[in-house]
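Shown next, in structure tokens, is the structure this report addresses.
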Amino acid sequence: MSETIHIKSARDIELMRQACKITAGARSIGRQAVKDGLTTRQIDKAVHEFIVKSGAVPSCLGYEGYPAATCISVNEEVIHGIPGRRIVRNGDIVSIDLCATYKGFVGDCAGTYACGEVSEEARRLMEVTRQAFFEGLRYAKAGNRIFDIGGAVQDYVESFGFSVVRDFVGHGIGRDMHEAPEVPNYRPSHGRRPNPRLVPGMTICIEPMVCAGDWHVDILRDGWTVVTVDRSLAAHYENTVLITDGEPEILTMAEDL
Ligand code: MF3
Ligand code: CO
């Protein structure tokens with residue numbers, strides 16, 4: 001990833017808003033498709049069709065060889081699950097992560113949703129993960145530094161006895177899905193990465209990945225699927241956010257968020 005942080009112009013921001021609106025709509029479609037008996041491939045298909053129908057391109061498809069429009073990660077799968085024949089069942093928690101490119105700009109968002117009735121632990125994990133995003137968002141203001149966001153995410157998550165993934169981080173976004181800077185969901189040890197100041201016109205993805213148990217992860221033999229080593233449940237919540245000279249703007253906002 002290039003180290004250059006691309007500050008978006010007013011025109012860029014308007015196009016980002018459009019790309020992100022489609023992305024958020026696609027997440028809603030995915031959420032509605034989380035039903036007992038459906039395969040993850042069927043969920044992917046519904047999202048893929050929505051993106052194409054909206055005039056956008058599913059940016060994950062073909063990205064570094066990735067084979068689908070969405071990443072669908074069930075239970076102990078954290079991120080990058082490949083949609084396939086796996087059937088979603090009542091009691092599962094299902095993370096859907098997707099990107100859409102529209103008029104040259106990319107939107108990126110994710111969420112974890114329950115299929116039917118889930119355990120008390122699973123429900124709490126999903127709620128804490130979503131709220132962790134909003135705790136981080138409070139620090140997404142011009143003049144603060146990137147690590148202020150992750151520090152808030154980490155403190156909130158750990159106060160519930162859950163843990164934050166270290167091996168994958170949020171990122172800048174714009175014409176490319178992944179731009180500088182990296183946006184960790186934790187407070188890195190001193191001096192480890194650049195910790196730039198937030199500036200109006202930056203667009204970043206804040207995306208807590210939270211484990212019910214330990215934060216260490218493995219990658220399955222398909223080369224993509226990230227799972228918790230202890231096979232504890234995991235959840236993911238992400239939005240694309242614009243830094244302004246006031247409150248941050250959630251670009252991938254939808255009514256059902
Ligand atoms: N949406 C993911 C992210 O936040 C990208 C998934 S990787 C891909 O980085 F290969 F599926 F594109
Ligand atoms: Co992302």
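Which residues, counting only those in the stretch 221-245, are free of Cβ contacts under 8 Å to residues at least 40 places away in the same chain and out of contact with any Asp or Glu (no Cβ under 8 Å at 6 or more places or on another chain)?
Quick first cut of the stretch 221-245, residues free of Cβ contacts under 8 Å to residues at least 40 places away in the same chain only: 221, 223, 229-230.
Once the filter is applied, which keeps residues that are free of Cβ contacts under 8 Å to residues at least 40 places away in the same chain and out of contact with any Asp or Glu (no Cβ under 8 Å at 6 or more places or on another chain), the stretch 221-245 yields 221, 223.
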Check 73, 54, 59, 2 and return the single one that is among the hydroxyl-bearing types (Ser, Thr, Tyr) and modelled with pLDDT under 95. 2
Report, by residue number, each residue of the stretch 158-200 that is open to solvent by 60 Å² or more (accessible area, probe 1.4 Å) and charged (D, E, K, R). 158, 167, 175, 176, 182, 187, 192, 197
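Please work out if residue 97 is within 25 Å of residue 222 (Cα to Cα), among the charged types (D, E, K, R), in a strand (DSSP E or B) and within 16 Å of ligand 2 (Cβ to nearest atom).
The answer is yes for residue 97.
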Inspect all residues belonging to the stretch 54-72 and state whether any of them is open to solvent by 10 Å² or more (accessible area, probe 1.4 Å) and β-branched (Val, Ile, Thr). yes
Looking at the stretch 122-141, can you tell me whether even one residue there is within 16 Å of ligand 2 (Cβ to nearest atom), open to solvent by less than 20 Å² (accessible area, probe 1.4 Å) and farther than 23 Å from residue 257 by Cβ? no
Taking the stretch 179-207, which residues are closer than 21 Å to residue 132 by Cβ, touching a residue at least 60 places away in the same chain (Cβ under 8 Å) and part of a loop (DSSP other than H, G, I, E, B)? 202, 207
So, residue 146, is that one more than 13 Å from ligand 1 (Cβ to nearest atom) and open to solvent by less than 60 Å² (accessible area, probe 1.4 Å) or not? yes
Sort out which residues of the stretch 73-83 are open to solvent by 10 Å² or more (accessible area, probe 1.4 Å) and either aromatic (Phe, Trp, Tyr) or part of a loop (DSSP other than H, G, I, E, B) (or both), and write them in order of number. 75, 76, 80, 82, 83
What residue, among those in the stretch 13-32 that are among the charged types (D, E, K, R) and touching a Gly at 6+ places or on another chain (Cβ under 7 Å), is most open to solvent (accessible area, probe 1.4 Å)? 31
Inter-residue pairs, beta-carbon under 9 Å, first free of Cβ contacts under 8 Å to residues at least 60 places away in the same chain and in the stretch 77-103, second hydroxyl-bearing (Ser, Thr, Tyr) and within 10 Å of ligand 1 (Cβ to nearest atom), 6+ apart: 83/70
List the number of the failed condition for residue 29; all other conditions in (1) part of a helix (DSSP H, G or I); (2) under 14 Å from residue 252 (Cβ atoms); (3) aliphatic (A, V, I, L, M); (4) in contact (Cβ under 8 Å) with a residue 24 or more places away in the chain hold. (4)
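The values are calculated or read from the model by the stated rules, or taken from the named source; none is laboratory data. Here the structure is a predicted model, which is why all the values come from computation and not from measurement. Ideal geometry is used to build each Cβ from the backbone, glycine not excepted, and the neighbour counts take in all protein chains shown. SASA here: full protein model, heavy atoms, side chains in, ligands and nucleic acids out. Shrake-Rupley method; radii C 1.70, N 1.55, O 1.52, S 1.80 Å.
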